[in-house]
Amino acid sequence: SWPEPVVRVQSLSESGIRAIPDRYIKPPSDRPGFENQEHVDIPVVDLKNLFSHDHTLHEETLKLISSACKEWGFFQAVNHGISHELMKCTREVWREFFNLPLEVKQEYANAPTTYEGYGSRLGVQKGAILDWSDYFFLHYLPVYLRNPSKWPSLPSSCRDLISEYGAEVVKLCGRLLKAMSISLGLKEDYLQNAFGGEDIGACLRVNFYPKCPQPDLTLGLSSHSDPGGMTLLLPDHDIAGLQVRKNGKWITVKPVPNAFIVNVGDQIQVMSNAIYKSVEHRVIVNPVKDRVSLAFFYNPKSDLPIEPAKELVSEDRPALYSPMTFDEYRLYIRTYGPRGKTQVEFSGSNR
C-alpha cells in the first residue's frame, strides 16, 4: 500500500486554495524559472518519406531522426500516419474522465505494486515531496497483462478508444524503431528483436495537471529520463508544459498541431551504447488552465537482459553498461520516483 493517505491533486486545486501544501513545494534548485526562454525548440521531423520508395528522401528522414536522437533525445513527429481525429477524441475522452465525480474515479484507485489505475504519486518513500498531478496508468502489451476491467467504463467510448489508439501507436513505434536501428548502422529489426520481437511491453500513462495557484514553487512531473525504450507523447494541443534539458537550460516545448513528441528512453541509450541519449525532462504547471497529456511507453520485454549492441562496441568505445533486465532497472523509479538521470548513470557506473 502507499506509505500515507493519497491526496488527489485535482481535488486540492478545485478546493480554491491560494497556497499549495508544503508536500508539493520543491527545493529552490528544482523550481521552474519563468525567465525569458531562448527562441529554440526540439527538432520537428516529417515522417511522410520514412518509408518512401525514393531512396534519397528516405535517407534524409533517417538522418533527421538520427541527429535528433543524438543531439536532443527528442523530436516532434508530423505526418506520422495516425488519424488526427483519433488523437483528438482519445485526448478528450480522458479529459472527460478526469472531470467525472471523484467517487467514480476512486473505483480505479491504484496501488504501488502495479500502478495500474488512477493515481496521484510515484515512488513509495514516506514524506517524499510530491508532484502536482494525477494520472491514470494502464497496461496495453503484452496482452496477458491487459485488464480491460481496469480501463474506465465511463465515458462510454473510453475503452474502444484506448484499444484503437493503442493499436495505432504500437504500429508507429515499430516503424520508428526500425528507423532508429538503420540510422545506428544496425539491421532494421535489431532493436525490435532486442526488445523481444512481437513480445514487447507497452503501457499508457494519462497525465492530468490541475491548475496551480503557485506554479513557480512546484512541478507537474519532476525531472527524469524515461526508464523504458521509447515514449510517444500526445501533448495538450494548446498549453505548453513539457520542458527538455539542453546544455544545462530548460527549453519549453511548443507543441506542433497534430504532432507526437517522441523521446529516447534509457533502454535505447543502453542498446546504442550512449550514441542515442535519453534526456532529462520535466513538466511545469499552469495557474489558470488544467492540462491533459498521454504518454505511451514502448518498452522491452521485462525479463530480457538489455545491453549495448555488440556492433556498437569496440576498443575505442567499450560497452558502457552491463546487462540488466527492464524489470531490474525500473525498480529504482518505483522506489524513489523520478530523479533526473541518476538511474541510468548509476547503472553505467556499476559495470
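Residue-by-condition table, conditions (1) touching a helix residue (DSSP H, G or I) at 6+ places or on another chain (Cβ under 9 Å); (2) more than 19 Å from Ile65 (Cβ to Cβ):
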| residue | (1), (2) |
| --- | --- |
| Pro257 | yes, yes |
| Val262 | yes, no |
| Ile268 | yes, no |
| Glu280 | no, yes |
| Asn286 | no, yes |
| Lys289 | no, yes |
For this session: Report the residue count in region 162-198 for those that are farther than 21 Å from Asn273 by Cβ and either open to solvent by 60 Å² or more (accessible area, probe 1.4 Å) or part of a helix (DSSP H, G or I) (or both).
Result: 15
For this session: Select from region 84-98 the residues that are more than 18 Å from the chain's Cα centre (by Cα) and either within 14 Å of Val9 (Cβ to Cβ) or open to solvent by less than 40 Å² (accessible area, probe 1.4 Å) (or both) and list them in ascending order.
Result: Leu86, Val93, Phe97, Phe98
For this session: Inspect region 50-63 for any residue being of a type in the set (D, E, K, R), open to solvent by 70 Å² or more (accessible area, probe 1.4 Å) and under 25 Å from Val206 (Cβ atoms) and give the result as yes or no.
Result: no
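Against the condition on the phi < 0 side of the Ramachandran plot and open to solvent by less than 20 Å² (accessible area, probe 1.4 Å), how does Thr252 come out, does it pass?
no
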Exercise. Going through region 206-239 one residue at a time, which ones are under 23 Å from Cys89 (Cα atoms), touching a residue at least 40 places away in the same chain (Cβ under 8 Å) and open to solvent by 20 Å² or more (accessible area, probe 1.4 Å)?
Worked result: Lys211, Leu233, His237
Seminar exercise, completed: Residues of region 215-256 being β-branched (Val, Ile, Thr), within 26 Å of Glu307 (Cβ to Cβ) and modelled with pLDDT under 95, in sequence order, are none
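Could you check region 284-316 and list, in sequence order, the residues that are without any contact (Cβ under 8 Å) to a residue 60 or more places away in the chain and surrounded by fewer than 21 Cβ atoms within 10 Å (Cβ to Cβ)?
Keep residues of region 284-316 that are without any contact (Cβ under 8 Å) to a residue 60 or more places away in the chain, which gives 303, 305, 307-308, 310, 313-316.
The answer is Asp303, Pro305, Glu307, Lys310, Val313, Ser314, Glu315, Asp316.
Could you list all residues from region 108-131 that are among the polar types (S, T, N, Q) and surrounded by fewer than 19 Cβ atoms within 10 Å (Cβ to Cβ)? Show your work before the answer.
Keep residues of region 108-131 that are among the polar types (S, T, N, Q), which gives 110, 113-114, 120, 125.
Result: Thr113, Thr114, Gln125.
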Problem set entry | Complete set of residues in region 133-145 that are within 19 Å of Glu96 (Cα to Cα) and either of a type outside the set (Ser, Thr, Tyr) or outside any loop (DSSP other than H, G, I, E, B) (or both) | Asp134, Tyr135, Phe136, Phe137, Leu138
Exercise. Could you say whether any residue in region 313-324 is of a type outside the set (Gly, Ala, Ser), modelled with pLDDT of 95 or more and not in a loop (DSSP other than H, G, I, E, B)?
Worked result: no
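Filter region 240-254 for residues that are part of a loop (DSSP other than H, G, I, E, B) and free of Cβ contacts under 8 Å to residues at least 60 places away in the same chain; which is nearest to the chain's Cα centre (by Cα)? Working first, answer last.
Residues of region 240-254 part of a loop (DSSP other than H, G, I, E, B): 240-241, 247-248, 253-254.
Now restrict to residues that are free of Cβ contacts under 8 Å to residues at least 60 places away in the same chain: 240-241, 247-248.
Details: Ala240: 15, Gly241: 13, Asn247: 21, Gly248: 20 Å.
Among those that are part of a loop (DSSP other than H, G, I, E, B) and free of Cβ contacts under 8 Å to residues at least 60 places away in the same chain, it is Gly241.
The values are calculated or read from the model by the stated rules, or taken from the named source; none is laboratory data. What you are looking at is a predicted structure, and each value in this text was computed from that prediction instead of being measured. Here Cβ is always computed from backbone atoms with ideal geometry, including for glycine, and neighbour counts include all displayed protein chains. Heads up: the accessible areas ignore ligands, DNA and RNA and are worked out on the full protein's heavy atoms, side chains in. Shrake-Rupley method; radii C 1.70, N 1.55, O 1.52, S 1.80 Å.
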